[in-house]
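To keep things clear, I will list the structure first and then write my remarks on it.
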Amino acid sequence: MTIDLEDLALDEGGHILLERALAGLRPGEQLEVRGRSGGLSLMLGAWARSHGHRLLPAADRPMPAADRLSSDELSDGPSLVLEKGAAHDQRWSGAVRAGEPGGVLPRADRTWGLAARGALVEAGGPKLDVAWVERDHVWADIAPTLYARAAASQWDPNTIIDWTPPSGVPDDIEDAVVQIMTYLVENEQAALMIPARMLGTLHPHYREVMQLLASQVADEARHVEIFTRRALLTRGQMGRSGADGRESLQTLLNEPDFTLASFLLSVLGEGTFVDLLKFIHDFAPDRVTADVTRLAARDEARHVAFGVAHTAYIAHSDPAFLGRLRGAVERRHEALRDTAGLNQSVFDGLVLLAAGSWEPAAIRRGWEAVQGLQRRMDEGRRRRLAAIGFPDGEAAELSALHTKNFM
């Protein structure tokens, strides 16, 4: 074969034409290379050595037949000959496919590194330092659908919310809103850190789960922003942060297992939080409070859906896993046994928010509304636990053990 690079140098893309020409040859076959670029012989020799080929010495180069030359002798430059080396083909002889693009394997190989799913992976690359490589430990069939929904549902707080400070909200009610928002920020920061930590330990072969977790991180970061902005909208200062509440959230951060952390956070905690956000929305004294809680609840519902689907996926393949889930709930309950639970100022703020005034009859209505909220939270936890596979009686027991701090 003969290739004419004309005045194209190897470092200007000429190597691409060489690779294409060599691809059609067997090891040991020769390629005549012509060209007019300066230093072609020197550059071709270096390129050949680095790619496992051989540039033949001048004495070994066959003279081209006259009938192989065009009227202008192909080009005015020298004729060089490359002999294709065996190493060029052997480089990929040990390569393997990282699964198929449209499906996931039961186990991902750490030696694939960051290769795309379905890519031909050359041997010899670095191993990926991740913990979660088993499909059954991280997967949920609904993950691709949920990610698509999450990608389509992203929203900008600056454009979707009118941040005009509310007017006409009584000072005491506004103080309650500030305290509740402070509490929400604290919890959302924990909900941000947990999936962010998971991301760095998950094999990218399960990219739909990774993408979903990344969207969850983006959601939680946005929730931290909007709750902070609402808290500071009229007062300029945040409310109180109770030690017991922070201790409750710390138990979530201390759980190293991917599924157990997802279960405690999403199935129990965020599921309960969806009810809380809907409660705040229903009794919101102003439009901004109603908007931020409505938008956050919509995002949180996706997080809960993945947590339930993921946990149910594992429990279905391994019914004994339900025992591990129960153990996680009991360990957390025991760790928080001596804590007071929900910050009293948050509880009282929810009562006042629902009451709307300090009138005794209104406070009674607010108190009863919060009691109804807690019953709905319990019912929701029991439904999700039953969906995972727990019998009704055991689901009720585990729901009762959930932290009084809601998350």
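Number of residues in region 6-33 that are among the hydrophobic types (A, V, I, L, M, F, W, C) and touching a residue at least 60 places away in the same chain (Cβ under 8 Å) equals 2. Do we have M238 as in contact with a Ser or Thr (Cβ under 9 Å, 6 or more places away or on another chain) and either not assigned by TED's automatic domain parsing to the domain that holds L325 or not in a helix (DSSP H, G or I) (or both) here? So M238 fits the description; yes. Screening the candidates V169, V138, V217 for the property of being touching a strand residue (DSSP E or B) at 6+ places or on another chain (Cβ under 9 Å) and in contact (Cβ under 8 Å) with a residue 24 or more places away in the chain yields one hit, V138. Does A46 fit the bill of being at pLDDT below 70, part of a helix (DSSP H, G or I) and surrounded by fewer than 14 Cβ atoms within 10 Å (Cβ to Cβ)? Criteria not met by A46.
Restricting attention to region 205-212, does a residue exist that is modelled with pLDDT of 95 or more, surrounded by fewer than 17 Cβ atoms within 10 Å (Cβ to Cβ) and either in contact with a strand residue (DSSP E or B) (Cβ under 6 Å, 6 or more places away or on another chain) or more than 26 Å from G341 (Cα to Cα) (or both)? Even if it seems obvious, please write down each step before you answer.
Within region 205-212, the subset modelled with pLDDT of 95 or more is 205-212.
Retained after the next criterion (residues that are surrounded by fewer than 17 Cβ atoms within 10 Å (Cβ to Cβ)): none.
No, region 205-212 contains no residue that is modelled with pLDDT of 95 or more, surrounded by fewer than 17 Cβ atoms within 10 Å (Cβ to Cβ) and either in contact with a strand residue (DSSP E or B) (Cβ under 6 Å, 6 or more places away or on another chain) or more than 26 Å from G341 (Cα to Cα) (or both).
Could you check, for region 344-361, whether at least one of its residues is within 25 Å of A243 (Cβ to Cβ) and polar (S, T, N, Q)? Yes, there is a match, as at least one residue in region 344-361 is within 25 Å of A243 (Cβ to Cβ) and polar (S, T, N, Q). The sole residue among A140, A119 that is among the small types (G, A, S), in the same structural domain as A305 (by TED's automatic domain parsing) and surrounded by 11 or more Cβ atoms within 10 Å (Cβ to Cβ) is A140. Which residues, counting only those in region 143-200, are crowded, with 20+ Cβ neighbours inside 10 Å, in contact with an Asp or Glu (Cβ under 6 Å, 6 or more places away or on another chain) and among the hydrophobic types (A, V, I, L, M, F, W, C)? Listed by number, the residues that qualify are A143, A191. The listed residues are F258, F263, and the only one of them that is within 30 Å of G99 (Cβ to Cβ) and touching a Leu at 6+ places or on another chain (Cβ under 6 Å) turns out to be F263. Within region 278-296, is even one residue crowded, with 20+ Cβ neighbours inside 10 Å, free of Cβ contacts under 8 Å to residues at least 24 places away in the same chain, assigned to a helix (DSSP H, G or I) and assigned by TED's automatic domain parsing to the domain that holds V185? Yes, region 278-296 contains a residue that is crowded, with 20+ Cβ neighbours inside 10 Å, free of Cβ contacts under 8 Å to residues at least 24 places away in the same chain, assigned to a helix (DSSP H, G or I) and assigned by TED's automatic domain parsing to the domain that holds V185. Of the helices (runs of 4 or more DSSP H) lying entirely inside region 316-407, those containing at least 1 residues that are within 27 Å of the chain's Cα centre (by Cα), under 16 Å from L276 (Cα atoms) and of a type outside the set (D, E, K, R) span 360-388. Of all residues in region 142-161, none are part of a loop (DSSP other than H, G, I, E, B), of a type in the set (D, E) and in contact (Cβ under 8 Å) with a residue 60 or more places away in the chain.
For the residues T201, T164, the requirement of being in contact (Cβ under 8 Å) with a residue 60 or more places away in the chain, under 18 Å from D257 (Cα atoms) and among the hydroxyl-bearing types (S, T, Y) singles out T201.
Every listed requirement among (1) at pLDDT below 95; (2) in contact with a helix residue (DSSP H, G or I) (Cβ under 6 Å, 6 or more places away or on another chain); (3) aliphatic (A, V, I, L, M) is met by A176 save one, (1). There is at least one residue in region 385-400 that is at pLDDT 95 or above, more than 24 Å from A140 (Cα to Cα) and touching a Lys or Arg at 6+ places or on another chain (Cβ under 6 Å). Pairs are defined by a Cβ separation below 9 Å, a sequence spacing of at least 6 or placement on different chains, a first member in region 234-249 that is closer than 18 Å to M407 by Cα, and a second member that is buried (at least 16 other Cβ atoms within 10 Å of the Cβ) and basic (K, R); the pairs so defined are S248/R332.
The values are calculated or read from the model by the stated rules, or taken from the named source; none is laboratory data. What you are looking at is a predicted structure, and each value in this text was computed from that prediction instead of being measured. With ideal geometry, Cβ positions are generated from the backbone for all residues, glycine too; neighbour counts draw on all protein chains shown.
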